[in-house]
Amino acid sequence: MESPHSSSKYHHPYFTPAEVEYLSEKQRGKLSITQEERVRQNACAFLEGLGARIGFPRRTIATAQNLYHRFHLFFPRKDFSYVDVSLASLYVSTKMHDTLKKPRELLAVSYAIRFPDLVAKSKHPGGEIDLDAMDQQVVERDRQRLLAIERLLLETVCFNFTSRMPFPYVIKLGKAFGASKKLTKLAWRLTIDCHRTLIPIQYPPHIVALAGLYVAALLSSFGQPVTPDDSGSRTPHEIAEILGKNGDWEQKYQAQVDDLEGIAHTVIDLLIQGAQSQTANTSPRTPSSPSPHPSPRTPHPSVVEPQLPSIPYTADQLMRLKIVMRQTEHEQRTRQPLGSADPSALYSGDDVALLGRNEGTVRFLFGPPGVMGDEI
């Protein structure tokens, strides 16, 4: 008699850029990189709008965005609507941060964002949709789909509910480097925008926060005259100069200057997209605005215009900044995967089919191999 299949899954808190590129290409399917990015920004905007309407704290929204990014490293985009994955990601995030909402509550708010015509018919003064007045088969089908994806998400993170955010580090690092409150606030905003990208699943939160401070200093100093701060704070020029070169800060904060530069280019690329499209976009937080989020039954959600951060810089200014950065940047080192195995190998075998099923035995371990003992 054949014995049941047995395997182990290891939680990888962070992935190298090479791993992310490999896994993303594998799950992208026939989508181009541009189309994939467009769907990703649609999902992040949907989570922003949903979180803002409900009143979730920033940590809940940011973690949901991270879960969405992580999910599609292992599951094809063609098999799932970004709306369904986003809702499931937010539901899991509410559990992780003790801001729990029931699936039906999340669905009710999502319907209000996705289907503004239903909001117009609603008699609720806040514009909420009464689920009892909707087709219960549709609501139940959407709820079951959310719960099914929730299970896949939990297995993807190996049931590890640990979630460290970069936001507290922004405040601490701002004080440590003598940044002004204005510069620290900009760094905070840029750190929020980082979660629209794959940065937080590639780097620990303290490096993401440090990069946010670096990008804020670059944006505040580029093309601007050096003016001393009367409050005694360091100028953006000084902070950009420190973080743009090798120094003692690297050992102190366990970071590398080439990591900050790589993150900076990713964030600035996102800002360029926002600068190019912000005039054509409307905010999903405004109930009267046309909804930028399609029905999950829409064949191609990637044709919808994404909502990108609104910024006071033009695309030309940001492109010039990238050119200047290229002239002095450091060579990117090759990062080694955590543990002793590439996570792409762990999820590329026959046992990947066991995810979401009850066949065989799957052990979920809270760390990568080599970090967590294989004998556990």
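Couple of notes before you dig in:
- Packing-based exposure ordering (other Cβ within 10 Å, fewest first) of 61, 201: 201, 61
- Sequence ranges 241-252, 322-333, 265-276, ranked by mean other-Cβ count within 10 angstrom, highest first: 265-276, 241-252, 322-333
- Cα point-scatterer Debye curve for the range 186-276, base-10 log of I(q)/I(0) at q = 0.18 Å⁻¹: -0.80
- Taking only Cα atoms of the range 12-163, radius of gyration then Dmax in Å: 15.8, 52
- Distance between the 7 Å Cα→Cβ label points at residue 333 and residue 265: 1.7 nm.
- Partners of residue 252 within straight-line reach, counting lysines whose Cα lies under 25 Å from its Cα and excluding those fewer than 8 residues away in the same chain: 172, 175, 181, 182, 185.
- Compared with the direct C-alpha span, the chain from residue 98 to residue 132 gains 9.6 nm at full extension, assuming 0.36 nm per residue.
- Ratio of the Cα radius of gyration of the range 61-124 to 2.2 N^0.38 Å, where N counts its residues: 1.25
- Modelled spin labels at residue 175 and residue 148, positioned 7 Å past Cα toward Cβ, are 4.9 nm from each other.
Rule-based calculations on the coordinates, nothing more; no lab input. Not measured: the values here are computed from a predicted model. Note: ideal-geometry Cβ built from the backbone for every residue, glycine included; neighbour counts use all protein chains shown.
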